[in-house]
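Beneath this line is the structure, given in structure tokens, with notes to follow.
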2 protein chains.
Amino acid sequence: MKKLINCVENVEREMIEGLVKAYPNHVRKLDCGNVVVRAHKKEGKVALISGGGSGHEPAHGGYVGEGMLDCAVAGAVFTSPTPDQIYEGIKAIATDKGVLMVVKNYTGDVMNFEMAAEMAQADGIDVQYVVTNDDVAVENSLYTTGRRGVAGTVFVHKIAGAKAETGADLNEVHRVAQKVVDNVRSMGMALTPCTVPAAGKPGFELNEDEMEIGIGIHGEPGTHKEKIKSADEIAVTLLDKILADIDYNDKEVAVMINGSGATPLMELFIVNNKVHDYLTEKGIKIYKTFVGNYMTSLEMAGFSISLLRLDDELKELLDAKADTPAFKE
Amino acid sequence: MKKLINCVENVEREMIEGLVKAYPNHVRKLDCGNVVVRAHKKEGKVALISGGGSGHEPAHGGYVGEGMLDCAVAGAVFTSPTPDQIYEGIKAIATDKGVLMVVKNYTGDVMNFEMAAEMAQADGIDVQYVVTNDDVAVENSLYTTGRRGVAGTVFVHKIAGAKAETGADLNEVHRVAQKVVDNVRSMGMALTPCTVPAAGKPGFELNEDEMEIGIGIHGEPGTHKEKIKSADEIAVTLLDKILADIDYNDKEVAVMINGSGATPLMELFIVNNKVHDYLTEKGIKIYKTFVGNYMTSLEMAGFSISLLRLDDELKELLDAKADTPAFKE
């Protein structure tokens, strides 16, 4: 295991502390654990909280700041945060406008966020939530009943965060967040596996000439393994499955080409070159593209494509100001 | 060789086209080759051009836009761009205020940028340049006489770019760029090698328990190989060499923790956690920190630390607006 770490027990805490020390004007850490909130609490708006297992950086701590999240809760690597952690986060950010939780669809995450919401509601805090499930690859998976929440979640942070910043009430922010969930689809692939530090060895294996199509962000099995193909062929494989899932005809879309952690940006741009051309051929208009590491899987090499169908409301919110460590607009 | 590519002959062109298709409001490609310029030329300012071999993305095409570069020229992977390419770039962006070239110190780059400058000067274009040489690891190297230019170059793009945006004349922009060169130092390390697509195999080897200290951004040899140590120990090794090079005592600094391409952001934050504490112990005040992939080496796992000594002028320019595909401020 070749990693830049000190000891496996401390990777999550040291990572969060390193984030906060890098961006002290944006974020601070709560004393109760690996919970990051905005450096300056903003009243008069719905507060957004998200989180999940660590290992997906910059998700989610990197998205705390103006126009996106108010809090991110980091569990152990690839492990749900506890209800207590989430509850502390909710209490720290709650305003009289209430709290929206953005939860990726993993059984543990959903259960723990729901429990935290009940604890907060018992304190009189108004809490609603959305569950992201944008991964079209498989219907059920290792940690999930239903589809997995993956990189499309970042669009929920961005757009619901922008809506909250306008002072909209909780029902409105929830409606917009759900609209993103309803309109975003993703699919990924991997060239190489990743290693959870505490495990010390890769979570799965791929031969030197092999890739996994439809992989999850924790290395969960996808649809199948096959021989590596060209970047263009892989892009079309993923796009065809996404495009078959909901109707993108004549729609405008936002595109995210998301690196899994160890993928050179050069390769992500090569993928985008094909994605752009293929969507254009299909008559799908690209409104905005994001290429980079948005929702990673430790040192996995691979990528995912997310396509978000847009309308005028979503476009305006996507373009709104964001100022966070990992996402500026 | 596990890469998301189509064929090795086309990686540079497809990468540049993928960049331009992702960020059409920021950049466009010249017909003459892999040369990227701002989508909308801005007159009345000194025009900045940089570039070098491909494989360092987002450097340098990702830094073309408001407040940074006007043009980036991409050679083949780890190979200098040709004088013709650079000359075409200079002609495309030249204004009556002149052109500043930001060249990383590699023998081929310096020679080819100088030749292009002579060609442009013969056309009556006023051209000056700075050569970045921030890598303190070794004095001469595989492709370099003198020190290598590495991630600190991005600070030159940012700060000289901001100065140019004010309408300052060429001598002033050159002065500020040289001030950054004089005050920035960097050093890197690698856990794993990288593979130039056309070569098809790694440029160097590292055993499973081994790292290379002081490595260059093309995988050039550093100071030595040794057994992998903890992230904290590695950070201190690099910092001690940087801090011994110029006097950082009682200075304010900008810090860049730069990933080499395949390093998870989690690990870069763990490194920053130590860098922050160590500098603080030494009485060095951190004004601003940047953690991410700024100057990469294909799929190399590793990182570099850059420290820029600041004064009020550099701080103001560092904070000025930048709006490029890979750097927003």
Other chains' Cβ within 10 Å of B:51-64 residues: what's the mean? 2
Based on the mean of other beta carbon atoms within 10 Å per residue, what is the order of B:135-141, A:238-244, A:200-206, most packed first? B:135-141, A:238-244, A:200-206
Per residue of A:20-26, what is the mean number of Cβ atoms on other protein chains within 10 angstrom of that residue's Cβ? 6
Got the relative contact order for the range B:11-183 handy, in percent, Cα pairs under 8 Å and 6 or more residues apart? 21 percent
I need the peptides A:208-217, B:45-54, A:280-289 ranked by packing, meaning the mean over residues of other C-beta atoms within 10 angstrom, with the highest value on top. B:45-54, A:208-217, A:280-289
Based only on other Cβ atoms within 10 Å, what is the fewest-to-most ordering of B:H218, B:H276, B:H40? B:H40, B:H276, B:H218
Row for the range B:169-226, column shape: gyration tensor on C-alpha, a ≥ b ≥ c, rounded if a/c < 1.5 i.e. under 1.5, prolate if a/b over b/c, else oblate; value oblate
Report ³J(HN,Hα) in whole Hz for each residue of the range B:65-73, in order, from the Karplus equation J = 6.51 cos²θ - 1.76 cosθ + 1.60 where θ = phi - 60°; Gly and Pro get x. x, 3, x, 9, 8, 9, 7, 10, 10
How large is the charge dipole for the protein assembly as shown, taken about the Cα centre, if only the Cβ atoms of Lys, Arg (+1) and Asp, Glu (-1) carry charge, to the nearest 20 debye? 360 debye
As a test, work out the antiparallel percent of DSSP beta bridges whose residues both lie in the protein assembly as shown, rounded to the nearest 5. 55 percent
Per the charge dipole of the range B:11-183 (beta-carbon charges, Lys/Arg positive, Asp/Glu negative, Cα centre), the residue among B:A94, B:G124, B:T79 reaching farthest to the positive end is B:A94
Quote the convex hull volume per residue of chain A, based on C-alpha atoms, as a whole number of Å³. 116 Å³
Taking θ as phi - 60°, what are the ³J(HN,Hα) couplings along the range B:50-58 by the Karplus curve (6.51, -1.76, 1.60), each to the nearest whole Hz, with x for Gly and Pro? 9, x, x, x, 6, x, 10, 4, x
Using the Karplus equation 6.51 cos²θ - 1.76 cosθ + 1.60 (θ = phi - 60°), what ³J(HN,Hα) coupling, rounded to whole Hz, does each residue of the range B:293-298 give in order, writing x for Gly and Pro? 9, 10, 9, 9, 9, 6
Can you give me the long-range amide H partners of B:L48? Hydrogens built in the peptide plane at 1.01 Å from N, cutoff under 5 Å, separation of 5 or more residues or another chain. B:D70, B:C71, B:L100
Could you work out, residue by residue across A:1-11, how many beta carbons of other chains sit within 10 Å of that residue's beta carbon, and then give the average as an integer? 6
Nearest 20 debye, what's the magnitude of the dipole of chain A about its Cα centre given +1 on Lys and Arg Cβ and -1 on Asp and Glu Cβ? 500 debye
With an 8 Å cut-off on Cα pairs and a minimum separation of 6 or more residues, tell me the relative contact order of chain A in percent. 18 percent
Equivalent ellipsoid dimensions for the range B:11-183 as semi-axes, Å, which come from the Cα gyration tensor, largest first: 21, 19, 15
Between the range B:1-48 and the range A:200-273, what's the alpha-carbon centroid distance in Å? 23 Å
The range B:11-183: antiparallel DSSP beta bridges as a percent of all, rounded to 5: 30 percent
Going by Cα centres, the range B:70-117 and the range B:169-198 are how many Å apart? 15 Å
Per the range A:184-319, sqrt(5λ) over the Cα gyration tensor eigenvalues, sorted largest first, in Å, gives 27, 16, 13
Once you keep just the Cα pairs under 8 angstrom separated by 6 or more residues, what percentage relative contact order results for the range B:184-319? 33 percent
So which residue, out of B:S297, B:S230, B:S260, gets the largest mean-square fluctuation from a GNM of chain B using Cα contacts under 10 Å as springs? B:S230
Cα-based Rg of the range A:89-227 per 2.2 N^0.38 Å, rounded to two decimals? 1.22
Translational diffusion coefficient of the range A:80-120 at 25 °C, 0.890 mPa s, Stokes-Einstein with Kirkwood Rh over Cα pairs, in µm²/s as a whole number. 240 µm²/s
At 222 nm, what helix-only mean residue ellipticity would chain B give, in deg cm²/dmol to the nearest 500, using -39500 (n - 2.57) for each DSSP H run of four or more? -10000 deg cm²/dmol
Formal net charge of residues neighbouring B:D70 (Cβ-Cβ distance under 9 Å; K, R +1; D, E -1): +4
If I model a spin label at B:L142 and B:I246 as a point 7 Å from the Cα along the Cα→Cβ vector, what separation in nanometres do I get? 2.7 nm
For a protection proxy built on the mean count of beta-carbon atoms within 10 angstrom, sort A:156-162, B:72-78 highest first, please. A:156-162, B:72-78
Proximal lysines to A:K201, defined as alpha-carbon separation beneath 17 angstrom and excluding residues fewer than eight positions away on the same chain: A:K2, A:K3
Radius of gyration and maximum dimension Dmax of the protein assembly as shown, Cα, Å: 23.4, 77
If R0 is 56 Å, what FRET efficiency do you get for A:D31 and B:E9 from their C-beta distance, rounded to 0.05? 0.50
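A short reminder: the numbers here are calculations on the coordinates, not readings from a lab. The shown structure was predicted, so the numbers you read here are calculated from the model rather than taken from an experiment. Quick reminder, even Gly has a Cβ in these numbers, built from the backbone with ideal geometry, and neighbours come from all protein chains shown.
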